[in-house]
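Peer 1: The structure's right below; bear with me while I get my questions together.
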Amino acid sequence: MLSNRSYFCGGFPLWKMEDSCILTVTRQGWRMTRYFNTEGICSPKKHYMVCLNDRLKQIKEKYVDRGKYFVINRGRQYGKTTTLRALAEYLRDDYVVISLDFQMLSTANFADERVFAAKFTGLIQRTLSRDGEWRDVIDRKAFEKLTAMKEEEDLTMDVMFEGCSEMCETSKKPVVLMIDEVDSASNYQVFIDFLAMLRGYYLSREYNPIFHSVILAGVYDIKNLKSKIRPDSEHQYNSPWNIAADFDVVMSFSAGQIRDMLTEYETDHHTGMDTEAVAETIYQYTSGYPYLVSAVCKIMDEKLTVPDPLPDCKSIWTAQGVEEAVRIILSSRTTLFDSMIKHIDEYPELKKLLHLMLFQGEQVAYNADNRIIDLAQMFGYVKRNGTYIHVANRVFETRLYNLFLSEEEFSNAMSTMARQDKNPDGGADGVA
């Protein structure tokens, strides 16, 4: 009789790979084993994850259906790419979706207008060509005219946009453009020129058809993209993309959403956990930050054990198990924490703000015009709670507090050593 586990044959694990997931042997045959994912894009077929349908419906109805141009800018590992991929699939019935990722572009692709325009049209060609569904929707002549442009030696941005306009005008469905990882383009003037031309077409799209909706995703918003090009204060907020609608869809997870995800896990693993209580504890530590939620669950699922020779899963999936998982996260090096350290080193005023809140207990009032508060919110390190801002979650709060405390202890120790070096006999200012 086959139990619900992996089997070994001749010293090798007996499993098959399908979409990069392990399929385990059961009495009914091969079954895909889902797991909690903290690396890259999440898929409901492969991973335990929060259901995104409500979020996708809200984005479609509030933004895409209304033809909005907008930016999904959230902190690192906040589920932006996962949301874009799911949204592209969600929109398929009503729209032609061109989904691009600027991480796939090299520095050379931003060298000048001609190179960028050629690469951009090539990406459109590649995206639409591999999806046969659009062949009966996109006008073939307009598509071929646009994609042939990449071979032109004198290709310019305006010519490229004319080709995009013709393709959008002749399409049987509205065309939606998605660009992920726009941060990758943030240091290039050619990308700012691209945004400016998008803005021009948006304002005149009644006469010059163009993409029905444009969605950019990244950590930085468009204002900050501009400031990275021209950091002087005169041009800091002179954005060529001020047509972008404010994006206010909640991207963090609620305790109820975490509970529903754990319920799916419980259905497969029968741990006996109280899903509502465990979900609430996870939320109390993470405030629903997507990466942290998945990381806590992944550690509990894969790393935590109890002293018993036969681990008692019910003992793991408790408030105590959550606390232990958080302790492990706080003592680990992760890309999320690495980004946090990098940001507070790059922006000393951001560090001062966080230090003020954590070490001195100061309440900082929210002000939309304060650049440092705006930056802290954009990175996801603080959130607004009524009149004041607070550190976004208990995990960040503890990690930052420990860092600042360690720095102060080290600084004090170095000062003591310096005084001792000056006064080996213990005197002050050289007086024995």
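The values are calculated or read from the model by the stated rules, or taken from the named source; none is laboratory data. On a predicted model such as this, the values are computed, not experimentally measured, just so you know. Backbone-built Cβ (ideal geometry, glycine too); neighbour counts: all protein chains shown. All accessible areas refer to the heavy atoms of the entire protein, side chains included, with ligands and DNA or RNA removed. Shrake-Rupley method; radii C 1.70, N 1.55, O 1.52, S 1.80 Å.
Peer 1: Solvent-accessible area of Y220, probe 1.4 Å, all protein chains present, reported in Å² to the nearest ten, please.
Peer 2: 20 Å²
Peer 1: Residues with amide H under 5 Å of V364's amide H, sequence separation 5 or more or different chain, H placed in the peptide plane at 1.01 Å from N; which?
Peer 2: Counting only residues 5 or more places away or on other chains, the set is I389.
Peer 1: At 1.4 Å probe size, with no ligands or nucleic acids counted, give the accessible surface of D54 in Å², nearest ten.
Peer 2: So the heavy atoms of D54 present about 120 Å² to solvent.
Peer 1: Would you please give the residues with an amide H less than 5 Å from that of V382, counting only those at least 5 places away or on a separate chain, with H modeled from the backbone geometry?
Peer 2: Under 5 Å from the amide H of V382: Q377, A392.
Peer 1: Quick one: Karplus J couplings for segment 124-132, per residue in order, coefficients 6.51, -1.76, 1.60, θ = phi - 60°, nearest Hz, x for Gly and Pro?
Peer 2: Taking θ as phi minus 60°, the curve returns 4, 4, 5, 5, 6, 5, 7, 10, x Hz for segment 124-132.
Peer 1: Still on this structure, please answer the following. Could you compute how much accessible surface E407 exposes when probed at 1.4 Å, giving the result in Å² to the nearest 10?
Peer 2: 70 Å²
Peer 1: Would you please give the FRET efficiency between D54 and E153, computed as 1/(1 + (r/R0)^6) with r the Cβ-Cβ distance and R0 = 56 Å, to the nearest 0.05?
Peer 2: It comes out at approximately 0.70.
Peer 1: For a quick check: with amide H placed at 1.01 Å from N, whose amide H comes under 5 Å from M178's, ignoring anything fewer than 5 positions away on the same chain?
Peer 2: I98, S99, L100, I215
Peer 1: Here's something else I'd like to know. Let me know the Rg and Dmax you get for segment 42-125 when you use only its Cα atoms, in Å.
Peer 2: 15.2, 44
Peer 1: Per 0.36 nm of contour for each residue apart, how much would the distance between D65 and E162 grow if the chain were fully extended, relative to their Cα-Cα spacing?
Peer 2: 32.6 nm
Peer 1: Obtain the nm distance between the two label points defined at N187 and T267 by a simple spin-label model: each point lies 7 Å from its Cα along the Cα-to-C-beta direction.
Peer 2: 4.7 nm
Peer 1: Accessible area, 1.4 Å probe, largest first: how do K351, K342, K80, K383 sort?
Peer 2: From most accessible down to least: K342, K383, K351, K80.
Peer 1: Compute the distance in nm between two label points, each set 7 Å from the Cα along the Cα-to-Cβ direction, one at F359 and one at K145.
Peer 2: Once both label points are built, they end up 6.4 nm from each other.
Peer 1: At what distance in nm do the modelled label points of D93 and S254 sit from each other, each positioned 7 Å from its Cα along Cα→Cβ?
Peer 2: 2.4 nm
Peer 1: How would segment 50-191 be classified by its alpha-carbon gyration tensor: rounded, prolate or oblate, with rounded meaning a/c under 1.5 and the a/b versus b/c comparison settling the rest?
Peer 2: oblate
Peer 1: Using the Cα centre of segment 148-203 as the reference point, and only Cβ charges (+1 on K/R, -1 on D/E), how large is the resulting charge dipole? Debye, rounded to the nearest 20.
Peer 2: 380 debye
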